Amino acid sequence: MPGLNILAVLAHPDDEGVCGGTLAKNVRLGGRSTLICATRGEVGEISDPALATPETLGEVRERELREACALLGIDPPIFLDYRDSGMEGTEPNSDPRAFINADRTEIVRRLVREIRRLRPDLVITFEQFGIYGHPDHRLVSSLATDAFAEAGSPELYPEAGEPWQPAKLLYATFVREWFQRWIEATRQQGEEPPPRREMGTPEAEVTTFVDIRDVLDIKRRAMLAHRTQISPSGAWGKEWTEEQKQLFGIEAFVRAAPAACSRRTRRAVRSSRVASVIACCHATG
Ligand SMILES: [Zn+2]
């Protein structure tokens, strides 16, 4: 089964944890996977002070993402060079270089330019709440959605290249019920669970599941390349139970388009290989 040309548009190094298995699997099916990362995650927490300082964190995280992409087998990441805006209500929100303070039209123009250059069949970004509400995740979801809708229009951004309409837009998410079961299991093991219970999307609303168990080990190594964020003694470094393998071994998406897009896009869908969605999907695509 042929692979696709997939473009993922995310906010920080390590965000590809939501879809990295799909990107890796697509390459193994003969496709091309590219990741756009809006920032270098400059204000993330540093797992080990020996690895970086707040001043060097951006460049260290860029290197980590480059290594992760190489491990996944996907193209080198494209950085938009904005600054990490930090969690809602924190001081980095007001930095003029922060992604959330950038000119939205200019960001969409840049994304349209990349879509027209790379000509993806499928665009992936975060679901609209950005999994847990990070302002950069929500913004990148909104702007990637705009760019998806506008890249095919010859009237818009004529200076940004030949129009190209990707056939499909998927929102990457977690299955909420699975995540809650994992929290319960973690709690029973006496470990401190992650703080947020309402992450992700109810299972009934997920449209597309991608079984990534055959590339799970590659994804795990790619996640562990994010040394400043992900400790080898945490969830990604441990021996997994069967339940955890299910949680980590299936990536979940909500189809955002073609459901709500133009007749032209619907024609594009019918005529493209996306009819088989990422060849590995085993659900409604
Ligand atoms: Zn992030």
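Accessible area per residue for region 5-276 in Å², computed with a 1.4 Å probe and the full protein assembly in place, what is it?
Working: 12170 Å² over 272 residues.
Computed with neighbouring chains in place, this is 45 Å² per residue.
Two decimals is fine: what is log10 I(q)/I(0) at q = 0.09, 0.12 Å⁻¹ for the chain, from a Debye sum with one equal scatterer on every Cα and no solvent?
Taking Cα atoms of the chain as identical point scatterers yields -0.40, -0.73.
So, with +1 on the Cβ of K and R and -1 on the Cβ of D and E, and no other charges, what is the size of the charge dipole of region 5-276 about its Cα centre, to the nearest 20 debye? Provide the component values of the computation, followed by the final result.
Details: 37 positive and 42 negative charges, 274 e Å.
So the magnitude is around 1320 debye.
With the convex hull built on the Cα atoms of region 61-200, state its orientation-averaged projected area in nm².
Values: hull surface 41.6 nm².
Hull-based average projected area comes out at 10.4 nm².
Excluding residues fewer than 8 places away in the same chain, name every one of the lysines whose C-alpha is closer than 17 Å to that of Lys238.
Straight-line reach from Lys238, under 17 Å: Lys219.
Exactly which chymotrypsin sites (Phe, Trp or Tyr not before Pro) in region 138-191 are in a DSSP loop and have at most 11 other Cβ atoms within 10 Å?
Values: sites: Phe148, Trp164, Tyr171, Phe174, Trp178, Phe179, Trp182; in loops: Trp164, Phe174.
Here no chymotrypsin sites (Phe, Trp or Tyr not before Pro) fit, given the DSSP loop and packing criteria.
Which order, highest average first, do 10-23, 116-129, 231-244 follow once you tally other Cβ atoms within 10 Å for each residue and take the mean per peptide?
10-23, 116-129, 231-244
The values are calculated or read from the model by the stated rules, or taken from the named source; none is laboratory data. Predicted, not measured: the structure shown is a model, and the values here were computed from it. Cβ: placed from backbone, ideal geometry, glycine included. Neighbour counts: every protein chain shown. These accessible areas exclude ligands, DNA and RNA; they are computed on the full protein's heavy atoms, side chains included. Shrake-Rupley method; radii C 1.70, N 1.55, O 1.52, S 1.80 Å.
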